[in-house]
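The values are calculated or read from the model by the stated rules, or taken from the named source; none is laboratory data. The structure displayed is predicted, hence computed values, not measured ones. Cβ atoms come from the backbone with ideal geometry, glycine included; neighbour counts cover every protein chain shown.
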Amino acid sequence: MKRIHLAFLPCLLIAGLPPFTALAEGNCPQGMYPIGGQGVQGCAPIPVSSSGSPYNNRPNWAQTVRGVAMDARGDTFVSNSMRSRGKAKRASMKECREFGQGECTLATLFQAQCVAVAHAGLGTETTSVATAMSEQGAVIVAMQQCNAKAAWKQLPQGQCGIARTACTADLFIR
């Protein structure tokens, strides 16, 4: 009699395993786990990641910097987007020295912003360089500054115009 019970014991254990494995996932399909509580229950997918972190596969973006250099006539030279402030400064100054007229000065460096340059055609005396979070915002500020300088120089209204606008662009890094 003891032998019969021992023979059926493995059969009972094997037959009893599937309900326990189904209970381990809380009545959710394979690849899901139970969520909820207080009488509300649902299933959510089990996160799959080789490193265990769901953030490793997200793209990385790097902010860039641009520089604006100005020559003696008020012409401006804007660098391409660079990864550092030093590189942006050197690039804008180099372009100014190569293509500008006279002595060059750094007007501004900007990051995660836009720049607008407005002038009334009188060299650096009325040139205004303004940065803002949007191109439109930078244009408004540059025009206000230029008009104020032009009025101080007693120029007729409407002399100021936008010479250049530019915005930084973030770089995608793998």
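What the table below lists for this structure:
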item	result
Matching option when the condition is modelled with pLDDT of 90 or more and closer than 26 Å to residue 139 by Cβ, among 95, 103	95
Identity of the residue in segment 139-170, touching a Ser or Thr at 6+ places or on another chain (Cβ under 6 Å) and not basic (Lys, Arg), that ends up nearest to residue 66 (Cα to Cα)	168
Selected residue (criterion: farthest from residue 146 (Cα to Cα)) from residues of segment 94-107 that are crowded, with 20+ Cβ neighbours inside 10 Å and out of contact with any helix residue (DSSP H, G or I) (no Cβ under 7 Å at 6 or more places or on another chain)	96
Residue tally, condition over 16 Å from residue 95 (Cα atoms) and part of a loop (DSSP other than H, G, I, E, B), over segment 59-83	4
Lone unmet requirement of (1) free of Cβ contacts under 8 Å to residues at least 60 places away in the same chain; (2) assigned to a loop (DSSP other than H, G, I, E, B) for residue 169	(1)
Whichever residue in segment 142-165 is over 36 Å from the mean Cα position of the chain (by Cα) and part of a helix (DSSP H, G or I) and, among such residues, is surrounded by the most Cβ atoms within 10 Å (Cβ to Cβ)	150
Any hit, segment 114-124, residues being within 29 Å of residue 173 (Cβ to Cβ) and either touching a Lys or Arg at 6+ places or on another chain (Cβ under 9 Å) or surrounded by 22 or more Cβ atoms within 10 Å (Cβ to Cβ) (or both)	yes
Close pairs (6 angstrom Cβ cut-off, 6 or more residues apart or separate chains): touching a residue at least 12 places away in the same chain (Cβ under 8 Å) in segment 119-134, charged (D, E, K, R) and assigned to a loop (DSSP other than H, G, I, E, B) anywhere	123/73
Any chance residue 128 is at pLDDT 95 or above and crowded, with 19+ Cβ neighbours inside 10 Å	no
Qualifying residues in segment 75-86 (those that are surrounded by 16 or more Cβ atoms within 10 Å (Cβ to Cβ) and in contact with a Ser or Thr (Cβ under 8 Å, 6 or more places away or on another chain)) - the one nearest to residue 168 (Cα to Cα)	81
Sole residue being under 26 Å from residue 173 (Cβ atoms) and either among the acidic types (Asp, Glu) or assigned to a strand (DSSP E or B) (or both), chosen from 103, 95	95
Flag if residue 134 is under 30 Å from residue 62 (Cα atoms), small (Gly, Ala, Ser) and in contact with a Gly (Cβ under 8 Å, 6 or more places away or on another chain)	no
Residues located in segment 25-41, provided they are at pLDDT 75 or above and surrounded by fewer than 10 Cβ atoms within 10 Å (Cβ to Cβ)	29, 30
